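Rule-based calculations on the coordinates, nothing more; no lab input. Computed from a predicted structure; not experimentally measured. When we count neighbours, we look across all protein chains shown, and the Cβ atoms used for this are built from the backbone with ideal geometry, even at glycine.
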């Protein structure tokens, strides 16, 4: 499958957006890794990994791959008092929580996506001035992370995430 712009700019952009919304902490640095091992006839990478270092010693790791023999969970959020896991192609989230020193496990429904609401919101914004659900500022932050990841992949070093000016 040919993905213009590469795996990171395709699904990776959505994953980074989710991470930045789920983890409302300041991004301190970005580390990117890209590999090309299977598709040599196109310019896109086969595998991309972006690691964000967030304030307070937190880390987020996003991987998008077309060369893995097995799927990883779509996402995992791990903490000392609980975890959430959504496996690929499933509609339930596995939840583990420690409540009063007891381990609790449950499965909860994953909300269905309603992508058309995004386009309706953009149309309503253009026609009636309704507030945008996805702002240009949030998209700008995602693109900044993707660009730093690409720069990091070339330099082999983590890249600092500098605050963006409000132009």
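Here the peptides 85-97, 48-60 are ranked by packing, the mean other Cβ count within 10 Å, and the order with the highest first is 48-60, 85-97. Across every pair of non-identical alpha carbons in region 11-158, the mean reciprocal distance, once inverted, gives a Kirkwood radius of 17.7 Å.
Among 108-120, 146-158, sorting by the average number of other beta carbon atoms lying within 10 angstrom of each residue, highest first, gives 146-158, 108-120.
Between residue 143 and residue 21, take the C-beta separation as r, use R0 = 22 Å, and let me know the FRET efficiency to the nearest 0.05. Given R0 = 22 Å and the Cβ-Cβ separation, E is 0.90.
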